[in-house]
Amino acid sequence: MTETTNPILFTPERLANAQEIIARYPEGKQKSALLPLLHLAQEQYGWVSSDVMDYVAGLLDILPIEVYEVASFYTMFHLDPVGKHVIEYCRTGPCCLMGGEDVYGHLKQKLGIDTGETTPDGKFTLKEVECLAACGWGPVFQIREKYYMNLTNEKVDEIIEELSK
Amino acid sequence: MAVKILTEHINVPNINTFEVYRKMGGYTAVEKALKTMTPEEVVEEVKKSGVRGRGGAGFPMGMKWSFLAKPEGVPRYLVCNADESEPGTFKDHYLMREIPHLLIEGMIVSSFALGAKKSFIYVRGELMYVIKILEKAIAEATAAGFLGKNILGSGYDLELVVQPGGGAYICGEETALLESLEGKRGNPRNKPPFPAVKGLYQSPTVVNNVESIANTPWIINNGGETYAGLGVGRSTGTKLISASGHINKPGVYEIPLGITVEDFIYADEWCGGIRPGHHLKAVIAGGSSVPILPAKLILNLANGDKRLMTYESLSDGGFATGTMLGSGGFIAMDETACIVRNTWTFARFYHHESCGQCSPCREGTGWMDKVLERIETGKGNMRDIDLLVDVAKKIEGNTICPLGDAAAWPIASAIRHFRSEFEWHITHPQEATQPGAVYRGEMELV
């Protein structure tokens, strides 16, 4: 489990990236960089703690509440610690038609956890998400940027075993 | 073979690179527009093409452009809506991933037409890998002189910014998207004022879907009239259809508007038919928001004529016997699909995605989710069916944005066409809650 440790600070590369992102918007509209910066923060820390949100608020010169209300609105941001691999599993209609629910049952059994839980070794967190815009390639789940498509029980076994190494 | 406007070169190896895209005739529309046309002439060609908004609303794109206010000294913005989130729809995902330069070229032509110096592509955050593909394409186009200052010596400057979303369906609604782009929660705005007058940063803004913008290079190269010559009536050009569900070949297809629904489902060129040994039961033709239709009604109009893949033919008969083309998210179901369960997953989706701003939607989507779950899990009551219809009616038309309608229509239509299936769940709770149980009563399969 990735814990945030004080003080919160972007790595030099990410800080440079953050400055470059902020400069994309017209003067005085730096708040537009909020979602990109939250993504950067989550990439570094695995999740978005209130300390991280305060740090992002400082970078953008906005109030912390402006970050909290946004981070809590968008489902991609994890507001609690998560495991090393967060599996975001599509539960919407088209994936269900392709047997998505059965495969999800298998995945839960394989990991020994339920939706929203993290495996005791901290390797996997399981989340259910809504449509990932990959309906013709369902069932689908996502881990960070990667889409895993046309899932079957066997494929799930292979993916989990590979990531467990 | 039908004309392909968007996907002609999509299978050319390395078409995602500037070099190959350029070799296949890419960026000639930018040259033509910037060197030989005025912005007004570009708008005129798009108007003539009759191309309609491909995100789902189907509003004529040229007309939308002509509404853009142009006060002196105020910046104008073009924002591309790549927040593709409508269940059943994955065409923009495919297009951006496979042929990113087509969107970039379209953004340059369209931004020039609108006089925008800084334009945005708002991509759903889950597609971070696609964002990287687009950013690479932008860097290549900039290096080649098609973006940046004084493009091709025309004096026109343009900067493109790719913006990630954060996982919220509501941001596909254009004013919610603008709020999100300003770094806020994705709550839709009251209209008027419309974005064309006060949009991003309170400046005049046009928001267009990926596929709409991707059509503009072809329109500039070939002329609006040539584009309007394709298709049927007011359904001009081609349409990307995302095909999913119980068909032999799920995927994204570029179809000429005007082929029959029957051809689209059964021809080898498209979906290749229903999977072996099964029969068509129902179709959701335009993404999860549009009314579901039973097999007979999707294939044929109420008068028996074959239904066509056009805006007009799909909506023929209104909601009594018709549906909508919407975003082109075509979900086919065979007899193994449980309409109640499928409807519930969509109700759960809208409940999850409601921004919570308007009470009818915030509360109504929650009710519909709970009542459908009750029916699906064998705890339903006959009164629940009319309760669902009643709640759906009370959401429809009573919210700031169309998410309320989008949540109401699938449920109302499922009950309209498959009422006996809901009743069966209530009268046969034990049978209906067995794993994989599906209503086998009277229904017309094809």
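The values are calculated or read from the model by the stated rules, or taken from the named source; none is laboratory data. Predicted model, so just to flag it, every value in this text is computed and none were measured. So basically every Cβ, Gly included, is an ideal-geometry build from the backbone, and we count neighbours across all protein chains shown.
Points worth noting:
- Among residues of the range B:145-182, those that are away from chain A (no Cβ under 11 Å), in a helix (DSSP H, G or I) and under 23 Å from B:N209 (Cα atoms), counted: 3
- Qualifying residue in the range B:106-114 (condition: under 19 Å from the mean Cα position of the chain (by Cα) and in a strand (DSSP E or B)): no
- Matching helices (runs of 4 or more DSSP H) fully within the range A:1-71 where at least 3 residues are touching a helix residue (DSSP H, G or I) at 6+ places or on another chain (Cβ under 8 Å) and under 20 Å from B:R185 (Cα atoms): A:34-45, A:50-60, A:64-71
- Residue within the range B:346-355 that is away from chain A (no Cβ under 13 Å), among the basic types (K, R) and assigned to a helix (DSSP H, G or I) present: no
- Looking only at the range B:113-144, residues that are within 13 Å of chain A (Cβ to nearest Cβ) and not acidic (D, E) come to 19 in all.
- Residues located in the range B:211-235, provided they are free of Cβ contacts under 8 Å to residues at least 12 places away in the same chain and in a helix (DSSP H, G or I): B:N222, B:T226
- Of the residues A:P26, A:P94, the single one that is at pLDDT 95 or above, facing chain B (nearest Cβ under 8 Å) and under 30 Å from B:D334 (Cβ atoms) is A:P94.
- Criterion applied to B:A113, B:A57, B:A137, B:A82 was being under 18 Å from B:E211 (Cβ atoms), in contact with a strand residue (DSSP E or B) (Cβ under 7 Å, 6 or more places away or on another chain) and either among the hydrophobic types (A, V, I, L, M, F, W, C) or outside the structural domain of B:S203 (by TED's automatic domain parsing) (or both), and the one residue passing it is B:A82.
- Residues within the range A:103-153 that are among the acidic types (D, E) and more than 8 Å from chain B (Cβ to nearest Cβ), tallied: 4
- Residue-level analysis places B:G272 outside the set of residues that are at pLDDT 95 or above, touching a Phe, Trp or Tyr at 6+ places or on another chain (Cβ under 9 Å), surrounded by 22 or more Cβ atoms within 10 Å (Cβ to Cβ) and assigned to a loop (DSSP other than H, G, I, E, B).
- Criterion violated by B:E174 - all others in (1) farther than 30 Å from B:G73 by Cβ; (2) assigned by TED's automatic domain parsing to the domain that holds B:A116 satisfied: (1)
- Restricting B:V79, B:V74 to those that are in a loop (DSSP other than H, G, I, E, B), within 14 Å of chain A (Cβ to nearest Cβ) and among the hydrophobic types (A, V, I, L, M, F, W, C) reduces the list to B:V74.
- The conditions of being free of Cβ contacts under 8 Å to residues at least 24 places away in the same chain, farther than 30 Å from A:G136 by Cβ, surrounded by 14 or more Cβ atoms within 10 Å (Cβ to Cβ) and not basic (K, R) are not met by A:L15.
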